[in-house]
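The values are calculated or read from the model by the stated rules, or taken from the named source; none is laboratory data. The structure displayed is predicted, hence computed values, not measured ones. We place every Cβ from the backbone using ideal geometry, glycine too, and count neighbours over all the protein chains shown. Areas reflect the complete protein model, heavy atoms only, side chains present, ligands, DNA and RNA absent. Shrake-Rupley method; radii C 1.70, N 1.55, O 1.52, S 1.80 Å.
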Amino acid sequence: DADATAWWRSPPPSGAHAERELTTEEPMRVLIAGGGLAGLVAAAACHSKGMKVALFEQASSYAPYGGPIQIQSNALRAIERISPAVYEDLVAAGTCTADRVSGLKIGYKRGNKLAGLYDKGDWLVRFDTLGPALEAGLPPTVVVDRPVIQQIFVKHGFPADTVRI
């Protein structure tokens, strides 16, 4: 079994509790518990900084589970800095939502005479996500299905042997 002799099963060359110089040959070692979106992003970020990463996921495989996730402009910028390839695939796979009205609508008739009556479908608040993103030099917000995000990070975020299922 390859895992029996994996790097993460043994202490660093200078010992488990000794200080050591970090080099490209012996980088910082990072173990990540959980292969959800946060674990995948953390693994990609650590890998992009030259760290040796092992990510442990309890599920037996990445299944097509979960719905769409809205990735705001500032998060897209962070992902672009971590991995341009991940960023490009996310933007290509996503649906831009910054080109339409964003906000909150009420899903049922609600309210009172003092606070105001709202009919189903009335806007409670509207906000612009495109203008502020463009002013800050950020990419527009996109929506991408969770399984697609996972596949993109697994494909581009780090070496193939990083995830342990």
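Side notes on the structure shown:
- Longest exposed-site-free window of the chain, the sites being chymotrypsin sites (Phe, Trp or Tyr not before Pro) in a DSSP loop that have at most 14 other C-beta atoms within 10 Å: 1-64
- The stretch 15-96: C-alpha gyration tensor shape, a/c 1.5 cut-off, then a/b vs b/c: oblate
- The accessible area of residue 73, taken with all protein chains in place and a 1.4 Å probe, comes to roughly 10 Å².
- Residue of 119, 99, 145 that the Gaussian network model of the chain assigns the largest fluctuation, springs spanning Cα pairs under 10 Å: 119
- Most positive-pole-ward Cα, 82, 64, 23, against dipole of the chain from beta carbon charges: 64
- Between 82, 69, 152, the Gaussian network model of the chain with springs among Cα atoms under 10 angstrom shows the greatest mean-square fluctuation at 69.
- For the chain, the longest principal axis of the alpha carbon atoms and the long axis of helix 37-48 meet at an angle near 50°.
- The GluC sites (Glu not before Pro) of the stretch 31-101 include none that meets both criteria, a DSSP state outside H, G, I, E and B (loop) and at most 15 other C-beta atoms within 10 angstrom of the site's C-beta.
- Placed amide H near residue 32: partners under 5 Å, 5+ positions off or other chain: 54, 55, 56
- The candidate values are (1) 1.14; (2) 1.06; (3) 0.98; the one derived from this structure for Rg/Rh (Cα atoms, Kirkwood Rh) carries the label (1).
- Take the Cα of residue 85, step 7 Å toward its Cβ, do the same at residue 24, and the gap between the two points is 1.8 nm.
- Contact order for the stretch 15-131, expressed relative to its length and based on alpha carbon pairs under 8 Å spaced 6+ residues apart, stands at 16 percent.
- Between the alpha-carbon centres of the stretch 44-85 and the stretch 105-165 there is a gap of 17 Å.
- Accessible surface calculations at 1.4 Å, restricted to protein heavy atoms, place the chain at 64 Å² per residue.
- Degrees between helix 73-82 axis and first principal axis of the chain (Cα, 0 to 90, nearest 10): 20
- Fraction of accessible area attributable to carbon and sulfur, the stretch 8-161 (%, probe 1.4 Å): 56
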